[in-house]
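To keep things clear, I will list the structure first and then write my remarks on it.
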Protein chains: 4
Amino acid sequence: MDDGADLVSNIHSDYPEIAEKIIGSMEETTTGVIRLRAMANDGALKFPVIAVNDAMTKNMFDNRYGTGQSTVDGIIRATDILLAGKNIVAVGYGWCGRGFATRCRGMGANVIDTEVDPIRALVAAMDGFRVLPMSEAAKVGDLFCTLTGDIHVIRPEHMAVMKNGAIIANSGHFNVEIDIDGLKELAVSEPKEVRSLVDEYELPSGAKIYLLADGRLINLAAAEGHPASVMDMSFATQALATEWAVKNSNGLEVKVHNVPESIEDWVSQLKLKSMGIEIDELTEEQKEYLSSWQMGT
Amino acid sequence: MDDGADLVSNIHSDYPEIAEKIIGSMEETTTGVIRLRAMANDGALKFPVIAVNDAMTKNMFDNRYGTGQSTVDGIIRATDILLAGKNIVAVGYGWCGRGFATRCRGMGANVIDTEVDPIRALVAAMDGFRVLPMSEAAKVGDLFCTLTGDIHVIRPEHMAVMKNGAIIANSGHFNVEIDIDGLKELAVSEPKEVRSLVDEYELPSGAKIYLLADGRLINLAAAEGHPASVMDMSFATQALATEWAVKNSNGLEVKVHNVPESIEDWVSQLKLKSMGIEIDELTEEQKEYLSSWQMGT
Amino acid sequence: MDDGADLVSNIHSDYPEIAEKIIGSMEETTTGVIRLRAMANDGALKFPVIAVNDAMTKNMFDNRYGTGQSTVDGIIRATDILLAGKNIVAVGYGWCGRGFATRCRGMGANVIDTEVDPIRALVAAMDGFRVLPMSEAAKVGDLFCTLTGDIHVIRPEHMAVMKNGAIIANSGHFNVEIDIDGLKELAVSEPKEVRSLVDEYELPSGAKIYLLADGRLINLAAAEGHPASVMDMSFATQALATEWAVKNSNGLEVKVHNVPESIEDWVSQLKLKSMGIEIDELTEEQKEYLSSWQMGT
Amino acid sequence: MDDGADLVSNIHSDYPEIAEKIIGSMEETTTGVIRLRAMANDGALKFPVIAVNDAMTKNMFDNRYGTGQSTVDGIIRATDILLAGKNIVAVGYGWCGRGFATRCRGMGANVIDTEVDPIRALVAAMDGFRVLPMSEAAKVGDLFCTLTGDIHVIRPEHMAVMKNGAIIANSGHFNVEIDIDGLKELAVSEPKEVRSLVDEYELPSGAKIYLLADGRLINLAAAEGHPASVMDMSFATQALATEWAVKNSNGLEVKVHNVPESIEDWVSQLKLKSMGIEIDELTEEQKEYLSSWQMGT
């Protein structure tokens, strides 16, 4: 079970001899899946991987609802600011980003999204968010949070135009989303810890901006990470995907696999049951209608 | 270009000789794609089909935002009811269903979802909606709207327990989602048109319930369908997919194809431009980071 | 029963002899109450007036929920635009304004509010809306709607900087909120009706902007006004306030009166009942606690 | 400056001789104002009181936005539960209650309101919330939070029917809103602390329910209370009201006074400025229109 493909990548680089004995790996982050797909495309991957992260029972719940709430939670604990009335910039509108944007709006903030993907940008706009390039968002944001899985999405050129009092946090994978070295070079003095996990940087413009938790994941650094009641789905999916990999280890192709649909169905049925929610079942007539192209014309 | 696979299915049934000359078909509804996939699975499909409906530039916009607004619009025009404070039952939580549910909540309604798919049911619950089986929802709903692509999702057994004054509409594909024949049998008298497009049925319980537009698509029957500003994306996707099918007609496999990603990107970029929205571009450093599995560890 | 104090003002100006015989007037609009208060302050009011508009059972429901939905409805019918993704400027954040702003956000729009009152502006900001002066809002809005009860809140100086395609509507009281004469002077050509109720004006900048329903109330001009299910409360309040005025006609002071609280309670209890909603009652212990300042310390 | 009228009530009971020397008191809670009004009605009040709580710059911001966020914050810190998908019962729909209900919905919960006031109940319903009597809400809630300013709004009769795992918290004034003594009598064993601030009670039904912070204010007990960025308005209002009381001490009637409107305007203007928000000003023409009843007809 791997997070960010760290273990897999370590094995491939430093312990290639172990790779052959490995039945498969379960990867549970977006960042990791991106990297593993890159490895598979390069022909470098040496054993099968299950993209647990890509399971709907994982990313639609853990990433969206878990990251959304826990990032808001971490930011409030670190700063004790009122979110209502704040201009909050959600950097990235993947599942994590839209989870965060939705929760911030739910807390009364005016949310701005930045994106590099045109379809996701369009969804953000249609969802009622303001979509701006970072160069514009940087000027109006009171709080910025990165959730992209990519590197240096907030750079010194953006920080230089931020308002006095602006706050920067990260809730993506590594602490690489904010260019912290660039911030340190830009600042006219050493960072000053003004509250636990809150470092003040003074900019050439005279503005003071605040970096939370040194750019580490704010929901882990300042709060308790995702609530158990959403991680249960991720872990159930992971456990069942592992069982599946072991049971099918003989014929499992060396590539990045999706979690089988039957596992996703079962996990979500169990979760509904635990929440006391009952749903409908297809009638025989409906099953026939959906599977037949000759009916209904 | 086909809607509901009606044309394709007609050709296969009644004019099989034409089928061979056809380069391909563009299908723009969920219902149609379901039926075409069934045909392909049966080995019955005789020419390639492009699932335009499944393009994100189509279903995420047309189905979600278009159907959401136009269904609300159609219901208000037909009935002139205030949505705020009403218990509205959205039958189905696919893109159309969640578009409708979201818009109804945005208009102040208390929305209940019904589903047969456990993952979609879970998403509905996590999105803050009440999820009930139809047998329970039927007792509390003030307004029901079907958006499933399936047959007979509201049946006499449900109608029999509805409240006096309950309203039933359909915004799915055909007028088959509500069992209208069943309603007619159940009713103790002939339907009475109490307002244009609104038929009153009296039930054995004494309750009077109201069927809109005889179960036809309420957004087409009572309003103007989807606004042009969302259909533009669907039609652009369809036109470009057609061009692509023609240009690639030689090697095109006989199956249900997805719209190429490059077409989706282009359509969404054009749409953003028309809305005056600029977005970011990946830096060289970011492209390298995302494509390389050796960086960032 | 009066709307906009038109009748009262007419009587005072042209038929002062009737004034003495009048027991009282019921006023049902914000605009009217403002004008009647001005009359009372000037010592010009000649008979008692009940500010039915100010009853919570009126303005919190009719103005907020009624105007909110019906204005959205009128705009969609007149223009058939998709609200999702549009920059919509709600001019004024009173009950009507916040009803409209809330519904537009619920339809997926990005809503901007303009205000002259600092407290209302602050509430708008805390509710997550962007608050701008009209001079700034004018440059970014796709659609503007006035709901202020005041005159000339959109003026030629604002229109001159609007984007090509901008749409202007009014849902306040009179057709005076938009400076239409000013628009006509500003325009380089005669207005052109491009769709029923939609007039195109070409500006010196080359931009074309669209005035709906010649500035008349869009919910009445293009839709059916407020739904019956919200007007019921207004009319019930009005009827009962009239009865109260007649029963108390002897001692009724010549001023603007509020609707008695007992009437408001009764109307809202009846409405809850009609919606099938039950609520709690205070226990004896609770009544005592709330009325006593000696308990609970 | 008083909170809950504790000080004032103490002085009246135990130190009546001090009362005569007091210029006035500033009361900053809903509970306190209710009690002071009761004292004034009884003719027991001995010096003037300014109902700072009733200032819009106080209760519309502190109570609504401050309590909303900080209560959610306190509950998450105490329990680490995911709010999305939970049935949350907001007991009371005053400013605090609607702040809490709105924020919970914003976090993805399905919110149920209970009320004793028919108008507030109707507003809750029109805002899209489910309104139930506590006897029904008790059966379906996953989490209950009291915000009423009243006593024993959750009683043993309600607890007895709660689901296994139900959580109870208070964010009203005192720890009297939940009948904790009643809970202790109802429980079949001693409370067990299962997590800091979380006590488990086992009911005769076998269900285990969880009381947070022994019924004390959860936003103070488990989080940091209201953020500074909302308390600033309350304190500014309080300071300026105090100055006003001192300056006007001679003629100040012995009753419960409202904060002068000019103070509210000034506080909100300063707050807007600090947020970088500019608003419009009335033109001369507009001022004249609003103050004149002869124009505009």
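The table below gives the values:
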quantity: Test: residue in segment B:208-220 that is at pLDDT 95 or above, among the small types (G, A, S) and farther than 30 Å from B:R37 by Cβ; calculated: no
quantity: Test for A:S9: is it at pLDDT 90 or above, open to solvent by less than 60 Å² (accessible area, probe 1.4 Å) and polar (S, T, N, Q); calculated: no
quantity: Residue within segment D:233-240 that is closer than 30 Å to C:T29 by Cα, buried (at least 19 other Cβ atoms within 10 Å of the Cβ) and in contact (Cβ under 8 Å) with a residue 24 or more places away in the chain present; calculated: no
quantity: Residue list for segment B:150-175, restricted to those being surrounded by fewer than 21 Cβ atoms within 10 Å (Cβ to Cβ), more than 14 Å from the chain's Cα centre (by Cα) and within 14 Å of chain A (Cβ to nearest Cβ); calculated: B:H152, B:R155, B:P156, B:E157
quantity: Some residue of segment D:241-256 being over 23 Å from D:C96 (Cβ atoms), touching a helix residue (DSSP H, G or I) at 6+ places or on another chain (Cβ under 6 Å), at pLDDT below 95 and assigned by TED's automatic domain parsing to the domain that holds D:V33; calculated: yes
quantity: Selection status of A:D179, assigned by TED's automatic domain parsing to the domain that holds A:W95, at pLDDT below 95 and open to solvent by less than 30 Å² (accessible area, probe 1.4 Å); calculated: no
quantity: Given (1) touching a Gly at 6+ places or on another chain (Cβ under 9 Å); (2) without any contact (Cβ under 8 Å) to a residue 12 or more places away in the chain; (3) closer than 26 Å to B:A38 by Cβ, number of the condition B:H257 does not satisfy; calculated: (2)
quantity: In segment C:66-94, residue nearest to C:L122 (Cα to Cα) [restricted to those that are hydroxyl-bearing (S, T, Y) and touching a Ser or Thr at 6+ places or on another chain (Cβ under 9 Å)]; calculated: C:Y93
quantity: Filter result (surrounded by fewer than 15 Cβ atoms within 10 Å (Cβ to Cβ) and under 14 Å from C:I151 (Cα atoms)) within segment D:248-281; calculated: D:E281
quantity: Filter result (in a loop (DSSP other than H, G, I, E, B) and touching a strand residue (DSSP E or B) at 6+ places or on another chain (Cβ under 9 Å)) within segment B:158-172; calculated: B:M162, B:K163, B:N164, B:G165, B:A166, B:S171, B:G172
quantity: Residue within segment C:47-70 that is among the acidic types (D, E) and farther than 28 Å from C:V111 by Cα present; calculated: no
quantity: Filtered residue count, segment A:132-149, keeping only those that are open to solvent by less than 10 Å² (accessible area, probe 1.4 Å) and either without any contact (Cβ under 8 Å) to a residue 60 or more places away in the chain or of a type in the set (K, R) (or both); calculated: 6
quantity: Segment C:193-210 - residue that is aliphatic (A, V, I, L, M) and outside any strand (DSSP E or B) and, of those, surrounded by the fewest Cβ atoms within 10 Å (Cβ to Cβ); calculated: C:A207
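Here's the yes/no breakdown for (1) hydrophobic (A, V, I, L, M, F, W, C); (2) closer than 26 Å to D:K271 by Cβ; (3) not assigned by TED's automatic domain parsing to the domain that holds C:Q69:
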residue	(1), (2), (3)
C:G94	no, yes, no
C:T114	no, yes, no
C:A124	yes, yes, no
C:E136	no, yes, no
C:C145	yes, no, no
C:R155	no, no, no
C:V161	yes, no, no
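The values are calculated or read from the model by the stated rules, or taken from the named source; none is laboratory data. Note that the structure is a prediction, hence the values are computed from the model and not measured. Because the Cβ atoms are built from the backbone with ideal geometry, glycine has one as well, and the counts that use them run over all protein chains shown. Areas reflect the complete protein model, heavy atoms only, side chains present, ligands, DNA and RNA absent. Shrake-Rupley method; radii C 1.70, N 1.55, O 1.52, S 1.80 Å.
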